[in-house]
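Quick notes on the structure that follows.
The values are calculated or read from the model by the stated rules, or taken from the named source; none is laboratory data. What you are looking at is a predicted structure, and each value in this text was computed from that prediction instead of being measured. A quick note on method: Cβ atoms are made from the backbone with ideal geometry, for glycine too, and the neighbour counts reach across all protein chains shown. When the accessible area is computed, the model is the full protein with side chains, heavy atoms only, and any ligands, DNA or RNA have been set aside. Shrake-Rupley method; radii C 1.70, N 1.55, O 1.52, S 1.80 Å.
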Amino acid sequence: MVVTPQTLFTGQQLVWLPSCASTNSEAQTLIVQNRASEGCTVITDFQTAGRGQRGNQWQGAPAENLMLSVVWQPTFLAATEQFRLSQAVALGVHDWAAALLGPDPKLKLKWPNDLYYGNQKLGGILIENSLSGPKIQHSIIGIGLNINQQELALPTATSFAQLTGRAYDRAALAARLLECLERRYLQLRAGQVGELRRDYLQALYRYQETHPFVIDGQTVSGQIVGVEEDGRLAVAIGNELRRFGLQEIRHG
């Protein structure tokens, strides 16, 4: 796959693999071997052991979707600021999708960083950070997006082809995605964290709406009111404001 993004560094070093176990794992190997410059991107047609959030496996048909990993070096971020990077990446993906679908109110980011259309998942992000003392040394941003696949294993998933009824040139989409990601990363690097936070909340799935949540096996009604600096989800339940980590709450 030939991908030619108009970027400063993201995707300028490109490693394309017909198949691999996981693009994140391949990117990690390049880092260990000191062969990954900042922006190094690993892209594949098929993953045999792709990973997702909460320990889930990413599944997709060969040569129909986008599966890639980007290596960045956000040494300007403290280990306690990892969620700022997560916001920037999620917004880059959202920007890219909005350019494809237009300003559609159904296009949202489900906390912490899944891409949703309505109540169906279009893609996911897995960020793996390595630390050096109090700072982030390397980040591997793994992204999987449903592009041309028509038959998906889960009814809670959809693809761009299903939504629009057309097929896409995945190389062109990959180039545009890398451009959108870099724009948001440069925004983060410039310290524009307030703007990123504002945009993230505007795109957040079910933000300030009352919906059921499952907590400790129990279904309760609550309203997302924000996201903490450390990435915990702030939910108003009755008269109480509670904060939850990734494994502690899910949408009902």
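Enclosing the Cα atoms of segment 117-205 in their convex hull gives a volume equal to 133 cubic angstrom per residue.
Expressed in nm to one decimal, what extension gain is obtained for the pair ARG35 and SER130 from 0.36 nm per residue of sequence separation less their Cα-Cα distance?
On the way: separation 95, 0.36 × 95 = 34.20 nm, distance 1.61 nm.
Gain on stretching ARG35 to SER130: 32.6 nm.
Taking the centroid of alpha carbons for each part, segment 83-112 and segment 144-183 are 13 Å apart. The residue among THR210, LEU115, SER132 whose Cα reaches farthest toward the positive pole of the charge dipole of the chain, with charges on the beta-carbon of Lys, Arg, Asp and Glu, is THR210. Computed from the alpha carbon positions, the gyration tensor of segment 1-54 leads to an equivalent ellipsoid with semi-axes of 19, 14, 10 Å, biggest first. Here the Karplus curve 6.51 cos²θ - 1.76 cosθ + 1.60, taken at θ = phi - 60°, turns the phi angles of segment 81-91 into couplings of 10, 4, 5, 4, 5, 4, 4, 4, 5, 4, 5 Hz, with x standing for Gly and Pro. In segment 102-252, inverting the average of 1/r over every pair of distinct C-alpha atoms gives 17.4 Å as the Kirkwood radius. Kirkwood-type hydrodynamic radius, segment 27-172: 16.0 Å, calculated from all non-identical alpha-carbon pairs.
Using just the C-alpha positions of segment 112-169 as equal point scatterers, what log10 of I(q)/I(0) does the Debye formula give at each q in 0.18, 0.22, 0.23, 0.26 1/Å? Here log10 of I(q) over I(0) equals -0.66, -0.83, -0.88, -1.03.
Probing with 1.4 Å while keeping every protein chain in the model, the per residue accessible area of segment 99-252 equals 48 Å². Per-residue Karplus couplings for segment 107-124, computed as 6.51 cos²θ - 1.76 cosθ + 1.60 with θ equal to phi - 60°, are listed in order as 7, 9, 10, 8, 3, x, 7, 7, 9, 10, 10, x, 9, 10, 7, 9, x, x Hz, Gly and Pro entered as x. Note on the chain: Cα-Cα pairs beyond 27 Å make up 34% of the total pair count. Dimensions of segment 82-145 along the principal axes, based on C-alpha atoms and rounded to the nearest Å, stand at 42, 18, 16, largest first. Rolling a 1.4 Å probe over the protein heavy atoms of the chain, with every protein chain left in place, gives an accessible area that is 48 percent carbon and sulfur.
Put simply, the amide H of ILE215, placed in the peptide plane, has neighbours under 5 Å in VAL220, leaving out anything fewer than 5 places away on its chain. Mean residue ellipticity at 222 nm, helices only, the chain: -8500 deg cm²/dmol; runs of at least 4 DSSP H residues each add -39,500 (n - 2.57), and the sum is divided by the number of residues.
Charge dipole (Cα centre; +1 on Lys/Arg Cβ, -1 on Asp/Glu Cβ; no other charges) of the chain amounts to roughly 160 debye.
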